[in-house]
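Every read-out reported here was derived from the displayed coordinates using simple, explicitly stated rules and does not represent laboratory data. Please read all numbers here as calculations on a predicted model, not as lab measurements. Here the Cβ is made from the backbone with ideal geometry for all residues, glycine too, and neighbour counts use every protein chain on show.
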């Protein structure tokens, strides 16, 4: 028997906006003017927020912080294609996604200041907590989608995943389950080309990450992740397919991490300035602005008004964040179990005693009320 | 002798081990060009090249699993798991395989690998970056676990771990990476695995510890000294196999033992040490053995970490209670 071809897969890529902001007219995008402006505003707000957050960290007013600089389109757009009842499952680099879901920026600051009170989603939202160990949330997202399917709800799950995380076994297992059970889940790969210091090409011998989907019987597509329209179109279609019971999708949004991995990293140690400069030319915000201007939806005056208003809003969020004050250490013991076991009751009492003793000794500690449920 | 911090000491140990044995290789996330997120492998990529200092794909279980194969296949892999919070992802290999292969193959195959990982908290790190998972590993038969608290031991133990014929987990206390400084011999040397270090002599109570907590014990011993209490401090250095002779010697000498560590107390390695002392030295004890660990809740985000991980004050208080038993 000669060799015969038994399966063929091809990987497609979606781009709509060119670097000059001109849209390809052959791909109609079903998006209203107000949605477009909302996306643009949120992308700009996120960038300004990122800049402030970095400054706060440098001043010692914030802990280690992961910028999303350059990834605004792939961060902000996907949640805007979801309903609050859909699960949004972010990575650790997820402030943009949370912001697009309506979480106030003060809480992102609080989280990255090492304060558990920063986990605070809008009421009614199905948002997952930041996933710090990479990839572990991917099978969980499959499970969330599975539950929705079993309960015959029309809700879906969208999980972000980095290019680095696609190397983890978790990614393989998540796609295996998603494909096998035809789950209403979308894996949105934010391929920002760098897993800390390891470039995408050293992460996997696979030409694209989107093509990995076909091995699991899943629809895969590469998307220009710096093209807000393409991301909107791709995620919107994937959401529609998932809701109709047509199964999962893998969307590889190709973007670029313009900043360091986090404030604890120095990217100049491992990548060239030329590479970064080349990607700056594909900036997602500039491209969308040019597009909006070409449609007469935006102008310099609007831009300057947006910047002024955003800066004021961000300042108000920073003020709100800094007015939180220190948390009560006893908060640690709240919400560990539905009903606290004896040893936690005992240990909490020990800590309470310790805090009182220290207060009388040297720490002029005025503690805020305890939060959460105990016992 | 040169004054080095803990990062530099591990780095020098790795470099010297690689210079003397071509089978030794380093692999892990960001260990190559970037020199590791804590810079422990700084300069090794340049010195030894990409075949011996390997930036791996982002896959912890893959790093450990391939290290098992590399070790069985004749290499001497030193793999790095970037943070302690990413270590649980490797436990399938660690618990089910690395410590069992010698025995399962009836001694035919061995796994001479080293698994390095940062350890502990108090550096204001993000979530899942401040864990103390040693008990999961010490509980696992067939592997050795070490955790230095000084640059001198850091260098001697990494070389000993690499030369050891069995798998060794090597924990590096993050809080000490740059804070711990000390004179380190320039030549390669081994700090024996399985031997504790008497960090301070005393007569009234024994403070037993490892890693960064050794320094909190020394601080506590100073405070106790002002109150006229003489505390002995034992730095275990090796967690498995324990230096039972040194543990019993100090416990029997002072009659009072306190074990301080960063992990939650329940099921901790301190619990094991407490059980050993109670089983073997009961009649020499003046008071119950005391564990001073973190609360039995998850590591909080860093604003509250100083209320979670015991400090010198909590050790002093527990020591006073033990002395007044």
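For this structure, a couple of remarks:
- Coordinate range along principal axes, alpha carbons of region A:1-101, Å, largest first: 70, 38, 34
- Diffusion coefficient (Stokes-Einstein, Kirkwood radius over C-alpha pairs, 25 °C, 0.890 mPa s) for region B:86-221: 151 µm²/s, rounded to a whole number.
- Whole-angstrom gap from region A:59-105 to region A:206-283, using each part's C-alpha centre: 15 Å
- Tilt relative to chain A, helix A:284-294 - C-alpha long axis, 0 to 90 degrees, to 10: 60 degrees
- A:33, A:15, B:60 arranged by Cβ crowding within 10 Å, fewest neighbours leading: A:33, A:15, B:60
- Share of pairwise Cα separations in region A:13-322, more than 27 Å, in percent: 39 percent
- Cα gyration tensor, region A:327-375 - rounded (a/c under 1.5), prolate or oblate: oblate
- Per residue of B:292-303, other chain Cβ atoms within 10 Å of the residue Cβ number 6 on average.
- Region A:1-41 and region B:63-114 have their alpha-carbon centroids 44 Å apart.
- With Cα atoms, 0 to 90° folded angle of helix B:269-281 axis to chain B main axis: 50 degrees
- Mean per-residue shielding of peptide B:55-66 is 5, counting Cβ atoms of other chains within 10 Å of each Cβ.
- Taking every C-alpha pair closer than 8 Å and separated by at least 6 residues, the mean separation divided by the residue count of chain A gives a relative contact order of 21 percent.
- With Cα atoms, 0 to 90° folded angle of helix B:244-254 axis to chain B main axis: 20 degrees
- When its C-alpha radius of gyration is set against 2.2 N^0.38 Å (N residues), region B:219-325 gives a value of 1.08.
- Put in line by how crowded their Cβ is, counting other Cβ atoms within 10 Å and starting with the fewest, A:10, A:42 read A:10, A:42.
- From most to least packed by mean Cβ count within 10 Å, the peptides A:238-244, B:140-146 give B:140-146, A:238-244.
- Protection proxy ranking of A:50-58, B:210-218, B:47-55, B:156-164, by the mean of other Cβ atoms within 10 Å over each peptide's residues and highest first, is B:210-218, B:156-164, A:50-58, B:47-55.
- The ranking of A:129, A:189, B:273, B:81 by Cβ neighbour count inside 10 Å, starting from the fewest, reads A:129, B:81, B:273, A:189.
- Packing-based ranking, highest mean first, of B:4-13, A:295-304, B:111-120 given that Cβ atoms within 10 Å are counted: B:111-120, B:4-13, A:295-304
- Mean partner shielding of peptide A:188-199, defined as the number of other chain Cβ atoms within 10 Å of each residue Cβ, is 3.
- Within region B:197-323, DSSP assigns beta bridges of which about 20% are antiparallel (rounded to the nearest 5).
- Across region B:2-184, the relative contact order, built from alpha-carbon pairs under 8 Å that are at least six residues apart, equals 27 percent.
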